[in-house]
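Please treat every number below as a calculation from the coordinates, not as lab data. Since we're looking at a predicted model, the values are computed, not measured. All Cβ positions, glycine included, derive from the backbone under ideal geometry; neighbour counts span all protein chains shown.
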Amino acid sequence: MKIINIAVVGLGQIGNYLLNELNTKKKDIEIKTGKKIQIAAISAKNINKKRKFKINKNLFFKDPLDIFKKRKIDILFEAVGLSDGISKKVVETALKNKIHVITPNKALIAKHGDYLSSLAEKNNVNLEFEASVAGGIPILRTIKEGLATNIIYKVYGILNGTCNYILSEMEKSNDTFHNVLKNAQKLGYAENEPKFDLNGYDTLAKVKILSSLSFNTKISKEKCLLEGIQNIELKDIKIANQLNLRIKLLGISERINNQLFERVYPCLVRKESYIGNVNGVMNAVILHGNPIGESIMQGEGAGPGPTSSALMSDLLSILRGNIKYPFGIPSSLRKKIRKFNMENNLCSSYLRIEVNDVSGVLSSITKAFALNKISIKNLIQNPDKKNKKASIVIITHESLEKNYNNLLLNLNKNKYLVKKPTFIRIEKI
């Protein structure tokens, strides 16, 4: 029986969990693939870091690039997680040495996936990254294999468990963003430095990977609509609840007249919608295609367990002898796609405008909407007489993104405003 030598680079939460899975499930892997695996090399910054298991010093390399000089490796797991630096160097070197690579690193794939996939194809090895999007949900394999002959025209979903937990918990606990974030960090649902989760960059990297796979295109490098949840306040959650709406951070990608429209932002969705009921740390991805119609996948999107499940799935796929194009089709056939002009995005919206409660304020606000060709559907005024302030909530009819941009510029100059308005798009999904 052939023995397959494996290297694991990066021993953070995911790398540790993965290493344990590899060691404890060797027999199961052997039964399902007819191949024996053995750990031939591991690499991390610090061999002495406290871990649940002892590190075999004979297998340990502080510099992962030394692995290629001193060990024969068949499959390498990269779990460092950087978009550049040692992550890119390790993956690039492995592929050039005809070593299969498996990684959960969405930042790396979103930035360098085109180059690395062509390198894998050139050297007739696999570059697998199922774990880079939606954790344990096998969405990438579903697109590449299960829906291979479908024409997909839209893919969207909740792709960040940290943000989904915070928004869900704010509604459930009636607590502030700051307090819920602190609790999420204690529970391990949020990093100590959660910036890239909260500002939407994590979700955007996943959207770019999903777009490329779904539409058979190069990874988009274009600027797109990107907003995070850091400015969502408890009062927005409460008002949304009264309107039978719920706030979700969505990643959305679609082809419109053969143009690519990618965006990430908090949206208001109907409470009774499917996506409106995906709560906690759960992720969900919804595909629209032909002839499949609508296809939905949901599951845990983060954490070492779900991530390792996807990594092990990639491993078994390689062990069964499947050499595949990383993005489903040859790199030479993946084309660039024109960017949709985001100023032409048409949607209704929610605006919360905090003002000084004085004579003439409401007329000045509504005048700004009229000047920018935005029709008001609903208006709710909540006065705070004690502090002589008021909160004006406006739901609009559909209007163009460029009109909203101009409106916000006008409102920010309004002398009655206490702070910048809160603007949230409403998605009909």
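Entry note, the chain: the mean residue ellipticity at 222 nm calculated from DSSP H runs of n ≥ 4, each adding -39500 (n - 2.57), is -10000 deg cm²/dmol after division by the residues and rounding to the nearest 500. Build a GNM of the chain with springs between Cα atoms under 10 Å apart, and of D84, D202, D74 the one that fluctuates most is D84. Between T176 and M297, the modelled label-to-label distance comes to 4.0 nm, taking each label 7 Å out from Cα in the direction of the beta carbon. Who wins for biggest fluctuation among D236, D175, D197 in a Gaussian network model of the chain, springs between alpha carbons below 10 Å? Looking only at D236, D175, D197, the largest GNM fluctuation is found for D175. Excluding residues fewer than 8 places away in the same chain, name every one of the aspartates and glutamates whose C-alpha is closer than 16 Å to that of K2. In chain and number order, the partners are D28, E30, D74. Does the range 106-197 come out rounded, prolate or oblate by the C-alpha gyration tensor, with a ≥ b ≥ c the root eigenvalues, rounded set by a/c under 1.5 and, if not, prolate when a/b is larger than b/c and oblate if not? It comes out prolate by the Cα gyration axes. Ordering E121, E343 from the fewest to the most neighbouring beta carbons within 10 Å gives E343, E121.
When both bridge partners sit in the chain, DSSP labels roughly 70% of those beta bridges antiparallel. Provide the FRET efficiency to the nearest 0.05 for the N46-R71 pair, computing r from the beta carbons and using R0 = 35 Å. The formula returns an efficiency of 0.95 here. Considering only I75, I376, I318, the Gaussian network model of the chain with Cα springs below 10 Å gives its largest mean-square fluctuation to I376.
Beyond 31 Å in Cα-Cα separation lie the following of the pairs K402/K428; K182/K402; K208/K367: K182/K402; K208/K367. Among the listed pairs K45/K106; K88/K195; K89/K186; K26/K70, those with a Cα-Cα distance over 26 Å are K89/K186.
Answer rounded, prolate or oblate for the range 344-426, using the Cα gyration tensor with square roots of eigenvalues a ≥ b ≥ c: rounded when a/c is under 1.5, else prolate when a/b is larger than b/c, else oblate. Cα axes put the range 344-426 in the prolate bin. Over the C-alpha atoms of the range 3-132, the Rg to Rh ratio, Rh being the Kirkwood estimate, stands at 0.94. Shown here for the range 255-320: trypsin sites (Lys or Arg not before Pro) in loop regions (DSSP other than H, G, I, E, B) with at most 11 other Cβ atoms within 10 Å, namely R320. The simple spin-label model puts a point 7 Å past each Cα toward its Cβ; for E191 and K419 those points are separated by 2.6 nm. Computed 3J(HN,Hα) for the range 79-92, one whole-Hz value per residue from the Karplus formula 6.51 cos²θ - 1.76 cosθ + 1.60 where θ = phi - 60°, is 10, 7, x, 8, 7, 9, x, 5, 4, 5, 5, 5, 5, 4, glycine and proline marked x.
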